[in-house]
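J.: Before we start, here is the structure in question, set down as structure tokens.
The values are calculated or read from the model by the stated rules, or taken from the named source; none is laboratory data. Note that the structure is predicted; figures quoted are calculated from it, not measured. Every residue, glycine among them, receives a Cβ derived from its backbone with ideal geometry; neighbour counts consider all protein chains shown.
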Amino acid sequence: MSLPLAGIRVADFTRVIAGPLASMHLADLGADVVKIEHPVGGDDTRGYTPPDYHGLSGAFLCYNRNKRSIALDLGVEEGRKTARALIDAADVVIENFSTGVMAKFGLDYDSVKRPDLIYCSTSAYGRTGPFLKRLGYDPVVQAESGFMSLTGHPHQEPLRTAIPMVDVSTGLTGGIGVLAALFHRKRTGQGQFLEAPLFDTGFAQTGIHSTGYMLDGTVPERLGNADHFQAPAGRYGCEDGEIAITVETDAQFADLCQALGLAAQAEWATNRGRIENRVALEAALASALQPLSQLEVLVALQAAGVPCHEARAIPEAFADRTAAALLDMIPHPDIGEAPNMPSPMVLHGTPARDPVAAPFLGRHGPDVLAEWLGYSAEQVAAIRATGAMGASGETA
Amino acid sequence: MSMILDGIVVLDLTSGVAGPAATQTLSDLGADVIKVEPPSGDPVRQWPGPRLACGDSAAFLALNRTKRSIVVDLAEAEARAAVQVLAAKADVVAVDSPPDALAELGLDAGALRRLNKRLVYAEIDPRLPDGSVGRDALHQAASGWGGMSGLPEGPPAKAGLPMIELTAANVLVQAVLAALYAREDSGEGQAVTVGLFRNALAMTYFYGLNYRISGNAPARHGNGSPAAAPLGVFQAADGPLQMTLAGERVWRKFVDSIAKRPEWLADQRFATNSNRVLNKEVLMAEIDRMFVTQPRDHWVDAMRAAGVPGGPIRTIGEAVDSPEVRQRDLVGTAPHSAAGEVPVVKNPIRFAETPVRAARGAPLLGEHTAEITAEFSLAAH
């Protein structure tokens, strides 16, 4: 069996996080993803240093695995013509420019559409409607969508997540959109335009709370490391470290009390009672755990079948054997190898792609132009002479 | 117009968040999702907070729209046989129990794929590194993900939404779609897995990768950044707002068109980004003194007009009632067999040719048991 998306060509005009994550998952699944980058600097995330690994930033490495890079200046006519030729040779186009940018280059859907083309815009607030011109940023959407109001500790300021999770979710929904459209095309021959806007995705993921607000006006507060739906839940200090506990059932709560010698009050018997009396319950649990060692708590709670785990910072988490086995080095064509973050999905029936780390800017220009468009070395040189591939030529 | 997953039958053995969120998206794309529940139902039905008169929670509505529900007691051998009959006819089976538990029930990938070689077996693996089972928050804790967000001087804070499970759901949908795509040519399904721990680890992204490159443990920066200022949370007269000024261009726009304090451009303390980082506290206090004189909308409108990234920090209620949600048509109602109609948050993907399905409300427990029993001739088995 071949890779699921073997033979699918993706012309990838995306930058930063959401779009590149979408196209990386397509690349992981076997698509030939060609990343079209500005010759000066390329994707913004290339500059997210320090630190760097032989000139490649962590952010660039983690969203651009298994892609090839071509440097094209879309401000130059020959650059636009070459980009258009790549689109005409592609099965899928993905872009996440501000509204109007692809149109300015003559590369928007209406300009390039054909019946079998799949074109995905990872826009900010949609390519239509009153907000189409507004720029999109993860922290702004975390704020506007209500997500940020839920993150952080009570009586402290709301927090955005360290990783831009609205960007991440948008990359995942964009990837779903393209895969669904490919499936539809497989069955019908029909391509289409689709979009997975940043704001729409950020808001949609609040569904478990926004549905409740629409039902009865309840506005949830932020709860730190506690949970809106289950109690007790959180990160608790022990004598020598932290432990995370999530009690999911009444039976588990009874077992927790027994394991820790915690005197349970009658109103704590049900989850609803524990939620209503959360503050007193959490305080009692915290003081029961404080004098104990992390290890004795883990042993006692695991024996009792209460869901728990050491709460770790990145260094301890990555030293864990299970984690370390997933945090591999993968080959890189120019620097031997580079550190990789694992793909979160495993397909057991189709082969996994032999991974290749993210490329240097413009590394594959001539290869791509030869393979996708049949251009000779002379034709590539002629394009290069126009400045469309950058003033000083390609880095490789 | 047809839907993308028209004719695809999904047998959904999951509960909680990740599995149901994944199968809900498959349902939005047109699949017929049959939710198999124990007699006590998916525990999310009982979650506290807003609920319908029939007892089902808002969270359950938000994770199970349009599905059909059949009650099956997997403790009974006959009932397990019925599930196998369904699996033999399904295109996708979704599970979220640990593999050994599923094997004991005869519902592991091997057993079900022997009955149906076209089956896509979609698995959320809930195991923590030590082999025990945990949901979102425990994976945040075990992977280090949950320690990355928070104020520099305070304790870490996990994401306010179950982001490890919600992203795992989306990844699982991708894997299922890839497997269905491959099946069009090969005629064969396959098992696909998204491990919650593996997903949490992957989601540390550049925090994790930068640590591996530099050996320096990542610090918590709250809403700020060690590399740029001013940015983060500010207080306007009527509520908090978020503003991100990274770089000289937006800083000048901010000073000229929003703060209208041209003297700041000449002020040595604020002359460069690195000086602003150095004098962050003075500068943030100045901005707060200014922002608190006007309501949030005043400043946010000015930011949008000037192209400065920023927005109101809304409560969930303010977000639902916002012009963006209304104009983008992101919420609506769906018919529900007990409540008449219920609110829904719509799927965010917009397809030009194959719109996502208009939702039905989440099913009552066992609402479709008789219907599905007849449709798949389960009584005969």
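J.: Which of the residues belonging to segment A:182-201 are under 21 Å from the mean Cα position of the chain (by Cα) and within 7 Å of another protein chain (Cβ to nearest Cβ)? Spell out the reasoning first.
T.: Applying the first criterion (under 21 Å from the mean Cα position of the chain (by Cα)) to segment A:182-201 yields A:182, A:194-201.
Answer for segment A:182-201, where residues must be under 21 Å from the mean Cα position of the chain (by Cα) and within 7 Å of another protein chain (Cβ to nearest Cβ): A:L182, A:L194, A:E195, A:A196, A:P197, A:F199, A:D200, A:T201.
J.: If you take the residues in segment B:273-289 that are surrounded by fewer than 16 Cβ atoms within 10 Å (Cβ to Cβ) and of a type outside the set (S, T, N, Q), which one is farthest from B:R249 (Cα to Cα)?
T.: Initially, segment B:273-289 is screened for residues surrounded by fewer than 16 Cβ atoms within 10 Å (Cβ to Cβ), giving B:274-275, B:278, B:281-282, B:285, B:288-289.
Keeping just the survivors that are of a type outside the set (S, T, N, Q) gives B:278, B:281-282, B:285, B:288-289.
Working: B:L278: 19, B:E281: 21, B:V282: 21, B:A285: 21, B:D288: 21, B:R289: 23 Å.
Among residues in segment B:273-289 that are surrounded by fewer than 16 Cβ atoms within 10 Å (Cβ to Cβ) and of a type outside the set (S, T, N, Q), the one farthest from B:R249 (Cα to Cα) is B:R289.
J.: Please find, among A:A381, A:A385, A:A370, A:A304, the residue that is within 30 Å of A:D240 (Cβ to Cβ), out of contact with any strand residue (DSSP E or B) (no Cβ under 9 Å at 6 or more places or on another chain) and among the hydrophobic types (A, V, I, L, M, F, W, C). Steps first, answer last, please.
T.: On the way: A:A381 fails: within 30 Å of A:D240 (Cβ to Cβ); A:A385 fails: within 30 Å of A:D240 (Cβ to Cβ); A:A370 fails: within 30 Å of A:D240 (Cβ to Cβ).
Just a single option satisfies the conditions, and that option is A:A304.
J.: Here is a further query. What do you reckon, is A:Q156 more than 16 Å from the chain's Cα centre (by Cα), under 30 Å from B:G144 (Cα atoms) and surrounded by fewer than 24 Cβ atoms within 10 Å (Cβ to Cβ)?
T.: Values: more than 16 Å from the chain's Cα centre (by Cα): yes; under 30 Å from B:G144 (Cα atoms): yes; surrounded by fewer than 24 Cβ atoms within 10 Å (Cβ to Cβ): yes.
Yes; evaluated as a whole, the condition is true for this residue.
J.: Residue by residue through segment B:131-154, note down the ones that are more than 18 Å from the chain's Cα centre (by Cα) and either basic (K, R) or more than 7 Å from chain A (Cβ to nearest Cβ) (or both).
T.: Result: B:G131, B:P152, B:E153.
J.: Right, next: Confirm whether A:A83 is of a type in the set (A, V, I, L, M, F, W, C) and buried (at least 24 other Cβ atoms within 10 Å of the Cβ).
T.: Working: of a type in the set (A, V, I, L, M, F, W, C): yes; buried (at least 24 other Cβ atoms within 10 Å of the Cβ): yes.
Spelling it out, A:A83 is indeed of a type in the set (A, V, I, L, M, F, W, C) and buried (at least 24 other Cβ atoms within 10 Å of the Cβ).
J.: Something else: Restricting the search to segment B:26-42, which residues are within 11 Å of chain A (Cβ to nearest Cβ) and more than 30 Å from A:G177 (Cα to Cα)?
T.: So in segment B:26-42, the residues within 11 Å of chain A (Cβ to nearest Cβ) come out as B:26, B:28-31, B:40.
Scanning segment B:26-42 gives a single hit, B:S40.
J.: Considering only residues of segment A:86-104 that are away from chain B (no Cβ under 14 Å) and within 21 Å of A:L26 (Cα to Cα), which is surrounded by the most Cβ atoms within 10 Å (Cβ to Cβ)?
T.: A:N96
J.: Considering only segment B:264-274, I want to know if a residue exists there that is within 30 Å of the chain's Cα centre (by Cα) and either within 18 Å of A:R160 (Cβ to Cβ) or not in a helix (DSSP H, G or I) (or both).
T.: To start, the set of residues in segment B:264-274 that are within 30 Å of the chain's Cα centre (by Cα) comprises none.
No, because not a single residue in segment B:264-274 is within 30 Å of the chain's Cα centre (by Cα) and either within 18 Å of A:R160 (Cβ to Cβ) or not in a helix (DSSP H, G or I) (or both).
J.: Considering only residues that are surrounded by fewer than 21 Cβ atoms within 10 Å (Cβ to Cβ), more than 7 Å from chain B (Cβ to nearest Cβ) and either outside any loop (DSSP other than H, G, I, E, B) or modelled with pLDDT under 95 (or both), which ones fall in segment A:339-367?
T.: A:P351, A:A352, A:R353, A:D354, A:D367
Residues checked against (1) in contact with a strand residue (DSSP E or B) (Cβ under 6 Å, 6 or more places away or on another chain); (2) over 24 Å from A:Q156 (Cβ atoms):
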site: B:V192; (1), (2): yes, yes
site: B:Y211; (1), (2): no, yes
site: B:P230; (1), (2): no, no
site: B:A236; (1), (2): no, no
site: B:P240; (1), (2): yes, no
site: B:L245; (1), (2): yes, no
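J.: While we're on this one: Considering segment A:62-85 alone, what residues qualify as being of a type in the set (K, R) and away from chain B (no Cβ under 14 Å)?
T.: Once the filter is applied, which keeps residues that are of a type in the set (K, R) and away from chain B (no Cβ under 14 Å), segment A:62-85 yields A:K67, A:R68, A:R80, A:K81, A:R84.
J.: Would you pick out the residues in segment A:218-237 that are within 7 Å of another protein chain (Cβ to nearest Cβ), assigned to a loop (DSSP other than H, G, I, E, B) and not hydrophobic (A, V, I, L, M, F, W, C)? Quick ask: steps written out before the conclusion?
T.: Going through segment A:218-237, the residues within 7 Å of another protein chain (Cβ to nearest Cβ) turn out to be A:218-220, A:222, A:224-225, A:227-229, A:233, A:235.
If we keep only those that are assigned to a loop (DSSP other than H, G, I, E, B) as well, we get A:218-220, A:222, A:224-225, A:227-229.
Across segment A:218-237, the qualifying residues are A:T218, A:P220, A:R222, A:G224, A:N225, A:D227, A:H228.
J.: Out of the residues in segment B:156-187 meeting the condition of being surrounded by fewer than 24 Cβ atoms within 10 Å (Cβ to Cβ) and more than 7 Å from every other protein chain (Cβ to nearest Cβ), tell me which one is nearest to A:H209 (Cα to Cα).
T.: Here the answer is B:R183.
J.: Oh, and also: As an exercise: evaluate B:D6 against (1) within 19 Å of B:L364 (Cβ to Cβ); (2) over 19 Å from the mean Cα position of the chain (by Cα) and give the number of the one condition it does not meet.
T.: Answer for B:D6: the failing condition is (1).
Residue by residue, here is whether (1) free of Cβ contacts under 8 Å to residues at least 40 places away in the same chain; (2) more than 7 Å from chain A (Cβ to nearest Cβ); (3) part of a strand (DSSP E or B) holds:
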{"residue": "B:L201", "(1), (2), (3)": "no, no, no"}
{"residue": "B:I213", "(1), (2), (3)": "yes, no, no"}
{"residue": "B:S225", "(1), (2), (3)": "yes, yes, no"}
{"residue": "B:A229", "(1), (2), (3)": "no, yes, no"}
{"residue": "B:Q242", "(1), (2), (3)": "no, no, yes"}
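J.: If a residue has to be more than 7 Å from chain B (Cβ to nearest Cβ) and of a type in the set (S, T, Y) to count, how many in segment A:124-168 make the cut? Can you show your working first?
T.: The initial filter retains those residues of segment A:124-168 that are more than 7 Å from chain B (Cβ to nearest Cβ), namely A:124, A:127-128, A:132-133, A:136, A:138, A:141-142, A:154-155, A:164, A:166-167.
Adding the requirement that they be of a type in the set (S, T, Y) leaves A:128.
Of the residues in that region, 1 qualify.
J.: Which members of segment B:21-49 meet the condition of being surrounded by fewer than 19 Cβ atoms within 10 Å (Cβ to Cβ) and farther than 23 Å from B:R80 by Cα?
T.: The initial filter retains those residues of segment B:21-49 that are surrounded by fewer than 19 Cβ atoms within 10 Å (Cβ to Cβ), namely B:38-40, B:43, B:46, B:48.
Once the filter is applied, which keeps residues that are surrounded by fewer than 19 Cβ atoms within 10 Å (Cβ to Cβ) and farther than 23 Å from B:R80 by Cα, segment B:21-49 yields B:Q46, B:P48.
J.: What's the number of the condition A:S111 fails, among (1) farther than 27 Å from B:A305 by Cα; (2) more than 8 Å from chain B (Cβ to nearest Cβ); (3) in a loop (DSSP other than H, G, I, E, B)?
T.: Here A:S111 clears every test but (3).
J.: Within segment A:290-317, restricting attention to residues that are in a helix (DSSP H, G or I), in contact with a helix residue (DSSP H, G or I) (Cβ under 8 Å, 6 or more places away or on another chain) and facing chain B (nearest Cβ under 7 Å), which residue is farthest from B:Y211 (Cα to Cα)? Quick ask: steps written out before the conclusion?
T.: Taking segment A:290-317 as the starting set, the residues that turn out to be in a helix (DSSP H, G or I) are A:294-304, A:314-317.
From what's left, in contact with a helix residue (DSSP H, G or I) (Cβ under 8 Å, 6 or more places away or on another chain): A:297, A:300-301, A:303-304, A:314-315, A:317.
Narrowing further to those that are facing chain B (nearest Cβ under 7 Å): A:314-315, A:317.
On the way: A:I314: 8, A:P315: 8, A:A317: 12 Å.
Ranking the qualifying residues of segment A:290-317, first place goes to A:A317.
J.: Being closer than 30 Å to B:R326 by Cβ and either of a type in the set (D, E, K, R) or surrounded by fewer than 19 Cβ atoms within 10 Å (Cβ to Cβ) (or both) narrows it down to one residue among A:D255, A:D216, A:D240, A:D250; which is it?
T.: Details: A:D255 fails: closer than 30 Å to B:R326 by Cβ; A:D240 fails: closer than 30 Å to B:R326 by Cβ; A:D250 fails: closer than 30 Å to B:R326 by Cβ.
Going through A:D255, A:D216, A:D240, A:D250 in turn, just one is closer than 30 Å to B:R326 by Cβ and either of a type in the set (D, E, K, R) or surrounded by fewer than 19 Cβ atoms within 10 Å (Cβ to Cβ) (or both): A:D216.
J.: If you go through segment A:66-85 one residue at a time, do you hit one that is at pLDDT 95 or above, in a helix (DSSP H, G or I) and in contact with a strand residue (DSSP E or B) (Cβ under 7 Å, 6 or more places away or on another chain)?
T.: Scanning segment A:66-85 turns up at least one residue that is at pLDDT 95 or above, in a helix (DSSP H, G or I) and in contact with a strand residue (DSSP E or B) (Cβ under 7 Å, 6 or more places away or on another chain).
J.: Any residue at all in segment B:50-66 that's buried (at least 23 other Cβ atoms within 10 Å of the Cβ), outside any helix (DSSP H, G or I), within 14 Å of chain A (Cβ to nearest Cβ) and without any contact (Cβ under 8 Å) to a residue 60 or more places away in the chain?
T.: Within segment B:50-66, one or more residues are buried (at least 23 other Cβ atoms within 10 Å of the Cβ), outside any helix (DSSP H, G or I), within 14 Å of chain A (Cβ to nearest Cβ) and without any contact (Cβ under 8 Å) to a residue 60 or more places away in the chain.
J.: Being exposed (fewer than 15 other Cβ atoms within 10 Å of the Cβ), within 14 Å of another protein chain (Cβ to nearest Cβ) and touching a strand residue (DSSP E or B) at 6+ places or on another chain (Cβ under 8 Å) is the filter here, so list the residues in segment B:290-318 that pass it.
T.: Passing the criteria: only B:D297.
J.: Go through A:G171, A:G241 for me and flag whichever is under 28 Å from the mean Cα position of the chain (by Cα) and more than 7 Å from chain B (Cβ to nearest Cβ). Reasoning before the result, please.
T.: Working: A:G241 fails: under 28 Å from the mean Cα position of the chain (by Cα).
After ruling out the rest, the residue left standing is A:G171.
J.: Touching a residue at least 12 places away in the same chain (Cβ under 8 Å), part of a loop (DSSP other than H, G, I, E, B) and farther than 21 Å from B:V342 by Cα - does that describe any residue in segment B:11-22? Can you show your working first?
T.: Taking segment B:11-22 and keeping what is touching a residue at least 12 places away in the same chain (Cβ under 8 Å), we get B:11-22.
Still in the running and part of a loop (DSSP other than H, G, I, E, B): B:13-17.
Right, trim to farther than 21 Å from B:V342 by Cα and you get B:13-14.
Yes, because at least one residue in segment B:11-22 is touching a residue at least 12 places away in the same chain (Cβ under 8 Å), part of a loop (DSSP other than H, G, I, E, B) and farther than 21 Å from B:V342 by Cα.
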